[in-house]
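Below you'll find the structure, written out as structure tokens, and then a few comments.
The values are calculated or read from the model by the stated rules, or taken from the named source; none is laboratory data. Nothing here was measured: the structure is a model prediction, and the numbers come from that model. Please note: Cβ atoms are built from the backbone with ideal geometry, for glycine as well, and neighbour counts cover all protein chains shown.
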Amino acid sequence: MIAPKLVIHTDVLRDHLYGRRSPSLMRIAQSKFFCYTTVFQAIELFAEATTATERNAMENAMASLKLLGMNAKNAWDYGRLLKANPRRRELHVMAAGLCIESRLPLLTNQRRAFKGMKNLHLVPASLMRPEQEAKTILNLARRRK
């Protein structure tokens, strides 16, 4: 059996790191999916770290996820994506590009930040509750294809 896969966005990682919910949405997702994040989420989080303790917590969270990196052969695609979305945060657009390239849905609380991005499949974090079945979330991502 192949586990369903998804990418964890920065906002869900922050919730996990700062203990806003127990269990965190990231932990719930990890119990149902093979989880990734992107190098852009890692950059964003590490830029926010102000103490060694925060950096250590971020490193531990990153170690529990598979990290997606940018493929240079697709730089043209990323350039077009940035050009098509000039008012969006560049790290959001780049993370979306990795999700699109990898054909993986993105788990986020910030759906508005990604609204209308062609071929990006979003999984609203609000669906990631202990009582929800992974099938429901996976079906939502598949319907968007």
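Points worth noting:
- Top-ranked residue of region 64-91 - restricted to ones that are in contact (Cβ under 8 Å) with a residue 40 or more places away in the chain and out of contact with any Leu (no Cβ under 6 Å at 6 or more places or on another chain), ranked as farthest from ARG112 (Cα to Cα): LEU65
- In the set (1) assigned to a loop (DSSP other than H, G, I, E, B); (2) in contact with a helix residue (DSSP H, G or I) (Cβ under 9 Å, 6 or more places away or on another chain); (3) modelled with pLDDT under 90; (4) not basic (Lys, Arg), LEU104 fails one condition alone, (3).
- Residue in region 122-137 that is over 26 Å from SER24 (Cα atoms) and modelled with pLDDT of 85 or more present: no
- Count - residues of region 70-101 that are closer than 18 Å to GLU44 by Cβ and either of a type in the set (A, V, I, L, M, F, W, C) or touching a strand residue (DSSP E or B) at 6+ places or on another chain (Cβ under 8 Å) (or both): 10
- Identity of the residue in region 51-83, exposed (fewer than 15 other Cβ atoms within 10 Å of the Cβ), aliphatic (A, V, I, L, M) and modelled with pLDDT of 85 or more, that ends up farthest from the chain's Cα centre (by Cα): ALA52
- Whether a residue is within 14 Å of THR108 (Cβ to Cβ), of a type in the set (A, V, I, L, M) and either surrounded by fewer than 22 Cβ atoms within 10 Å (Cβ to Cβ) or modelled with pLDDT of 90 or more (or both) was assessed, and MET26 passes this test.
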